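This report concerns only the one structure given below.
The values are calculated or read from the model by the stated rules, or taken from the named source; none is laboratory data. Note that the coordinates shown come from a computational prediction; the quantities given were computed from them, not determined experimentally. Note that we place each Cβ from the backbone using ideal geometry, even for glycine, and neighbour counts take in every protein chain shown. Heavy atoms of the whole protein, side chains included, go into the accessibility calculation; ligands, DNA and RNA do not. Shrake-Rupley method; radii C 1.70, N 1.55, O 1.52, S 1.80 Å.
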Amino acid sequence: MRLADAVRRQLKGMSPVERENAVRELREVLYEDAYETITDRDDDLACPRCGSVSIIKKGHNSDGSQRWQCKDCKRTFSNTRDTLIGRSKLPVAKWMMYVECFVDCLPLRDCAVRCEVSLRTAWLMRRRLLKCLERYLPKFAAGAGSSVQLDETYLRESFKGNHTKGRFMLPRPARHRGGSLRRRGLSKEQICVMTGIADSDTAFAVLSGRGVISKRRAIESLAGRIGRGAHVTADEAAAYPGAMKALGAVFEQVDAESHRINRINALHSNLDGFLHGFRGVSTKHLQGYLTWFLWRRSFRSDRNDSIIRQVDAQPCPGVTRDWNGVMPPYMEYWGMVA
């Protein structure tokens, strides 16, 4: 008899409460097994303190997992790695479930409900994943002989978030999402995002100040990304000719509707669609979401497996206090220090 048929037969004989508990436990087992399969954990244990392989079983953790004791230094430890998931107090099944939500780009409240965690926990899980994944973005560096399309896009400044706590004071009246700006056209109420895509299909997206891009801000954003001799194509923005001359790039300026920059226009379209699903993104966290967008673009297939392997490769470089009290950028416009 197939395993699935046997499971269905067992579930039919249970009460609604028993069935719900059984399904939850079965889901956790499947997620934990998937995690073990993806990370391919080594069964040869060693003490994380002294490295000794002389270890014995020593009780269990609260979740039922095995604990071990080193016979040399007497330290007890779990069979976990010094990584984001291994050190987390949340069970592996929660992280695997959250990874699915992360890959599907679900809003935080949907993630919290599906994973049965608080909204703040869901937010911290997202921040930790983004901090781990930014290390795996392909480095953008276009040198001599490389072709690059450049353009900038502008997003409304957003102070989205709960400001009832902390020291941040909203510098303007709250504006509901979709509300009009005080000034028409491009103004300093909008944040500039400099973007580029190379013929190798690598891309970058970085915040570049307020309002219309200037030569100075363009040079700051492109330094280290556009090298001498690179062939750059961009629209008719006034900042590009001087910036490209300073960087030593071969520059060609075309009409904004030209098919010569259709790849960067497509990148902007995809970015707009990505950000739209989050019902607004706070400007102070916008760079993290740009990293997320670029990561999804770089790892188009097997994203679930890729993200698990990447976060399991080394410890998360950030801690909770790194994301508490983060101030929005470019606050000098409002007469406030960033």
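So, in the stretch 68-88, of the ones that are of a type outside the set (S, T, N, Q), surrounded by 12 or more Cβ atoms within 10 Å (Cβ to Cβ) and under 25 Å from MET125 (Cβ atoms), which residue ends up modelled with the lowest pLDDT? Once the filter is applied, the top-ranked residue is ARG81. Taking each residue of the stretch 289-312 that is farther than 10 Å from PHE274 by Cβ and looking for partners that are small (Gly, Ala, Ser) and open to solvent by 20 Å² or more (accessible area, probe 1.4 Å) with beta-carbon atoms closer than 7 Å, six or more apart or interchain, yields PHE299/SER306. Is it the case that LYS131 is open to solvent by 30 Å² or more (accessible area, probe 1.4 Å), in a loop (DSSP other than H, G, I, E, B), in contact with a Gly (Cβ under 6 Å, 6 or more places away or on another chain) and among the charged types (D, E, K, R)? Taking the combined requirement at face value, the residue does not satisfy it. With the requirement that a residue be among the hydrophobic types (A, V, I, L, M, F, W, C) and either at positive phi or in contact (Cβ under 8 Å) with a residue 60 or more places away in the chain (or both), what does the stretch 313-338 give you? Those that are among the hydrophobic types (A, V, I, L, M, F, W, C) and either at positive phi or in contact (Cβ under 8 Å) with a residue 60 or more places away in the chain (or both): ALA313, CYS316, TRP323, MET327, MET331, TRP334, MET336.
Of the listed requirements (1) farther than 30 Å from ARG175 by Cα; (2) buried (at least 16 other Cβ atoms within 10 Å of the Cβ), GLY224 misses just one: (2). Screening SER298 against (1) crowded, with 18+ Cβ neighbours inside 10 Å; (2) touching a Leu at 6+ places or on another chain (Cβ under 8 Å) leaves a single unmet condition, (1). Among the residues of the stretch 90-105, the ones that are open to solvent by 30 Å² or more (accessible area, probe 1.4 Å), among the hydrophobic types (A, V, I, L, M, F, W, C) and without any contact (Cβ under 8 Å) to a residue 24 or more places away in the chain come to 0 in all.
Residues in the stretch 227-253 that are open to solvent by less than 30 Å² (accessible area, probe 1.4 Å) and either in a helix (DSSP H, G or I) or polar (S, T, N, Q) (or both): THR233, ALA239, TYR240, GLY242, ALA243, MET244, LEU247. Scanning the stretch 67-89 for residues that are of a type in the set (Lys, Arg) and either touching a residue at least 60 places away in the same chain (Cβ under 8 Å) or closer than 15 Å to CYS316 by Cα (or both) turns up ARG81, ARG87, LYS89. Of everything in the stretch 115-124 that is open to solvent by 40 Å² or more (accessible area, probe 1.4 Å) and closer than 21 Å to LEU275 by Cβ, the residue that is nearest to the chain's Cα centre (by Cα) is TRP123. The stretch 80-126 holds no helices (runs of 4 or more DSSP H) entirely within its bounds that carry 2 or more residues that are touching a helix residue (DSSP H, G or I) at 6+ places or on another chain (Cβ under 7 Å), farther than 18 Å from LEU30 by Cα and among the β-branched types (Val, Ile, Thr). Scanning the stretch 309-338 for residues that are surrounded by 13 or more Cβ atoms within 10 Å (Cβ to Cβ) and hydroxyl-bearing (Ser, Thr, Tyr) yields a total of 2.
Going by the structure shown, is ALA256 more than 30 Å from VAL92 (Cβ to Cβ), among the aliphatic types (A, V, I, L, M) and open to solvent by less than 30 Å² (accessible area, probe 1.4 Å)? No: the conditions fail for ALA256.
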